[in-house]
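S.K.: What follows is a structure written as structure tokens; I'll ask about it next.
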Amino acid sequence: MAAVTDPNDTRARASDGALARSGDARTTPLLEAHALTRRFGGLLAVDEVDLAVHAGEIRALIGSNGAGKSTLVAMLVGRLTPTSGTVRFEGRDVTALSPARRVALGMGYTFQITRVFPELGVRDNVIVGLQRRVAAGAREAAVERALARFELGSLAGRRAGELSYGHRRLLELAMATAGEPRLLMLDEPTQGLSDTEIENFTAVVERLAERCTILLIEHNMDVVMALASRVSVLHEGRLLAEGTPEEIRSNADVQHAYLGIPMNDAPLADTLGAEPRSSTAPDGHPHR
């Protein structure tokens with residue numbers, strides 16, 4: 001996977017980004033969930049979760065398999081209707097809006113499993129991603145910027161199905177960001193990537209964070225600890241803890257619930273985000 005470049009981009013991080021990265025509560029959240037709940041019959045998958053993501057953040061959402069991450073994200077993007085609770089974007093209640101409407105307002109997202117159109121060319125995939133988001137007269141320039149941003153220009157004429165897995169991930173990011181979203185949600189983006197591709201992907205996300213706010217749902221703790229300004233931890237459908245990577249690394253409750261380590265054992269810093277670490281634990285999605 002190639003590192004991201006964008007020679008034509010002069011757009012800077014939002015002016016309140018510095019406050020957001022320090023967790024300043026004075027800024028209005030870009031994305032806010034209040035008491036978000038989802039039941040599947042008798043199963044309570046997400047239980048009254050409150051979440052506030054501020055402009056300029058790289059917010060990580062972590063949790064063990066079955067913690068409810070995928071269900072929560074599905075409600076945030078509009079693919080799943082909450083049993084109760086609300087989702088607000090830029091102060092607007094979007095709980096009842098479709099995924100397409102939310103994308104039009106400035107949300108972008110990628111899936112855990114890559115979703116590109118394998119029979120279409122790379123350029124055509126990006127064009128599809130722009131539908132309803134960019135005026136017809138501006139689409140060609142937007143496509144070229146997206147291809148250049150992820151170094152896909154030389155592959156623009158190839159079928160998406162012929163690309164390597166790493167390049168398909170980059171194509172999906174190009175599709176999600178070509179419309180210049182204010183918020184980009186990445187669901188398990190490093191799953192299936194090699195160590196080298198993960199390293200390059202980390203650089204990609206750092207570059208994207210200069211353009212938009214990022215909500216990163218990730219199981220690779222090295223990636224989380226390297227990128228996130230704040231981390232939210234889900235456990236059994238509830239928000240267990242929230243804080244800076246350092247605070248989460250030293251949180252005994254997170255150590256016990258997320259890693260299954262007895263409370264009086266080694267400190268979390270020795271096991272969470274330690275170097276080197278290459279193991280992965282993909283989310284089994286029992287709550288989808």
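Values quoted throughout were computed directly from the atomic coordinates according to the rules given, and no laboratory measurement underlies them. Please read all numbers here as calculations on a predicted model, not as lab measurements. Note: ideal-geometry Cβ built from the backbone for every residue, glycine included; neighbour counts use all protein chains shown.
S.K.: Between A35 and E90, what length in nm is gained on full extension when 0.36 nm per residue of separation is reduced by their alpha carbon distance? Don't jump to the answer; show the numbers that get you there.
M.R.: Working: separation 55, 0.36 × 55 = 19.80 nm, distance 1.75 nm.
Extending this stretch completely gives an extra 18.0 nm.
S.K.: Could you give the length gained by full extension between L43 and A100, i.e. 0.36 nm per residue of separation minus their alpha carbon distance, to one decimal place?
M.R.: Result: 17.7 nm gained on full extension.
S.K.: Average projected area of the Cα convex hull of region 62-153, in nm²?
M.R.: If I average the Cα hull's projected area over directions, I get 8.0 nm².
S.K.: With charges set only on the Cβ (+1 for Lys and Arg, -1 for Asp and Glu), what does the dipole of region 62-141 come to about its Cα centre, in debye to the nearest 20?
M.R.: 140 debye
S.K.: Could you pull out every residue, at least 5 positions away or on a different chain, whose amide H is within less than 5 Å of the one on R238? Hs are placed 1.01 Å off N in the peptide plane, and Pro or chain starts have none.
M.R.: D47
S.K.: A further question on this structure: Kindly state, to the nearest 0.05, the FRET efficiency for R115 paired with R207, given R0 = 25 Å and r defined as their beta-carbon distance.
M.R.: 0.65
S.K.: Taking 0.36 nm per residue of sequence separation and subtracting the Cα-Cα distance, how much length would be gained by fully extending the chain between R238 and V128, in nm to one decimal?
M.R.: Residue separation times 0.36 nm, minus the Cα-Cα distance, leaves 36.0 nm.
S.K.: Then there's this: Sort out for me the Cα centre separation of region 153-228 from region 85-150, rounded to whole Å.
M.R.: With region 153-228 and region 85-150 each reduced to a Cα centre, they are spaced 14 Å.
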